[in-house]
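First the structure, in the form of structure tokens, and then the observations on it.
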Amino acid sequence: MHRDNDVNDKQGRQLQRLMETTGGLGFGAAPLGNLYARVTDAQAEQALTAAWDVGVRYFDTAPFYGCGLSEQRVGKVLARYPRDAFALSTKVGRLLVPDRTVPEIQQGYVGGLPFRVEYDYSADGARRSIEASLSRLGLDRIDIVYIHDIAQDTHGDDWLRQYAIASNGAMRALTELRDEGVIGAWGLGVNRIEPCLMALRDAAPDVFLLAGRYTLLDTSALGELLPACDTRGVRLVIGGPYNSGLLAGGTTFEYARAPADMLEKTHRLAAHCARYGVSLKAAALRFCGAPPAVACVIAGSRNAGEIRENWALMHTPIPAEFWADLKRRGLIPDEAPVPH
């Protein structure tokens, strides 16, 4: 399924307008849903306000993040600012059902709102999810809607069945809502490349939020997905630039204990950075943002200090020789785009 050129150009221009104010860095609001640890309302407000103050204009959230808590917090703060001055994305695929018996911790989120999650990738589910998100956000529209976690890492062997539901359901509904002007754009929010390639074949997405698949440690998006996005005029938002912590001084990769090969590669990257006096975190962020198809990079921040640090790192100059030497040492592929 392909859009005609006029529609393609119109939606491309609209998406570009939505994303051009990002300054290269967006705000990932999963931590504001109390991911792994509680964040107070005051801390969430301070983080979002700091993001705005440094220049962030793209904010990403989801119903899944604290069962609506992240959306509530994001919407409350963004309501202070002119609506046309920022781009907001949220996600569909999980409906929130009121349930006061839910445990304190649900899939890593601590003390979220009293809902349980039910997967629903149907057209009706997508429309209901958007309506509920607008209510929690308290805003008049959503710029980008992603179909959330429609991939093997979430659904295991059932993922192709779930994808088929989305292909015939949520994708069609979001295409209609986009073409009606109700939303600005749609795509997938996933941690895997395969569903993105399938969506390019089966539908007409505008943008993918891809986490962890184009980083200093994992450039698997380079082979097929980046060229396909370039060809189709589809943009990418890169999430997980630190691969869940390993590139930021942690010990986890993909939210689990880092395997030996990733630890070894990280040590080599850190040594290379030390030779040039470059922060590994800065290199990680800048690398993610280099491909032409990438609209921006989002890194989750749970307090004002983290977002200020990430903004500064994203705008840290890094010499061209650093990247050239990185390629000579085989630490990134020769064909990988690098920052200018």
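Report yes if some residue within the range 241-262 is farther than 25 Å from ALA37 by Cβ, free of Cβ contacts under 8 Å to residues at least 24 places away in the same chain, among the acidic types (Asp, Glu) and out of contact with any strand residue (DSSP E or B) (no Cβ under 8 Å at 6 or more places or on another chain); otherwise report no. The answer is yes, given that some residue of the range 241-262 is farther than 25 Å from ALA37 by Cβ, free of Cβ contacts under 8 Å to residues at least 24 places away in the same chain, among the acidic types (Asp, Glu) and out of contact with any strand residue (DSSP E or B) (no Cβ under 8 Å at 6 or more places or on another chain). Hey, any hits in the range 238-248 for a residue that's under 19 Å from the mean Cα position of the chain (by Cα), surrounded by 15 or more Cβ atoms within 10 Å (Cβ to Cβ), under 27 Å from TYR121 (Cα atoms) and of a type in the set (Phe, Trp, Tyr)? Checked the range 238-248: no residue is under 19 Å from the mean Cα position of the chain (by Cα), surrounded by 15 or more Cβ atoms within 10 Å (Cβ to Cβ), under 27 Å from TYR121 (Cα atoms) and of a type in the set (Phe, Trp, Tyr). Here ALA62, ALA126 are screened, and the one residue that is of a type in the set (A, V, I, L, M), closer than 20 Å to ALA185 by Cα, crowded, with 19+ Cβ neighbours inside 10 Å and more than 17 Å from the chain's Cα centre (by Cα) is ALA126.
Each residue in the range 65-85 was checked for being crowded, with 19+ Cβ neighbours inside 10 Å and not aliphatic (A, V, I, L, M), and 9 pass. Assigned to a strand (DSSP E or B) and either within 30 Å of LEU313 (Cα to Cα) or within 20 Å of the chain's Cα centre (by Cα) (or both), is that true of LYS76? No, not satisfied.
Inside the range 252-280, residues that are part of a loop (DSSP other than H, G, I, E, B) and on the phi < 0 side of the Ramachandran plot make up a count of 4. One residue stands out among those in the range 212-227 that are free of Cβ contacts under 8 Å to residues at least 40 places away in the same chain and in a helix (DSSP H, G or I): the one that is farthest from ILE193 (Cα to Cα), which is PRO227.
A single entry from ALA290, ALA283 fulfils the requirement of being of a type in the set (A, V, I, L, M, F, W, C) and in a helix (DSSP H, G or I): ALA283.
If we scan the range 165-174, do we find a residue that is in contact (Cβ under 8 Å) with a residue 40 or more places away in the chain, crowded, with 22+ Cβ neighbours inside 10 Å and not small (Gly, Ala, Ser)? Checking the range 165-174: at least one residue is in contact (Cβ under 8 Å) with a residue 40 or more places away in the chain, crowded, with 22+ Cβ neighbours inside 10 Å and not small (Gly, Ala, Ser). Return a yes/no flag: does the range 156-163 have any residue that is of a type in the set (Phe, Trp, Tyr) and either assigned to a loop (DSSP other than H, G, I, E, B) or at pLDDT 95 or above (or both). Yes, there is a match, as at least one residue in the range 156-163 is of a type in the set (Phe, Trp, Tyr) and either assigned to a loop (DSSP other than H, G, I, E, B) or at pLDDT 95 or above (or both). Screening GLU118, GLU45, GLU104 for residues that are surrounded by 15 or more Cβ atoms within 10 Å (Cβ to Cβ), of a type in the set (Asp, Glu) and either in contact with a Phe, Trp or Tyr (Cβ under 9 Å, 6 or more places away or on another chain) or at negative phi (or both) leaves exactly one candidate, GLU45. Taken together, the residues in the range 39-59 that are over 22 Å from GLY184 (Cβ atoms), assigned to a loop (DSSP other than H, G, I, E, B) and in contact (Cβ under 8 Å) with a residue 40 or more places away in the chain amount to 1.
The values are calculated or read from the model by the stated rules, or taken from the named source; none is laboratory data. Computed from a predicted structure; not experimentally measured. Cβ atoms come from the backbone with ideal geometry, glycine included; neighbour counts cover every protein chain shown.
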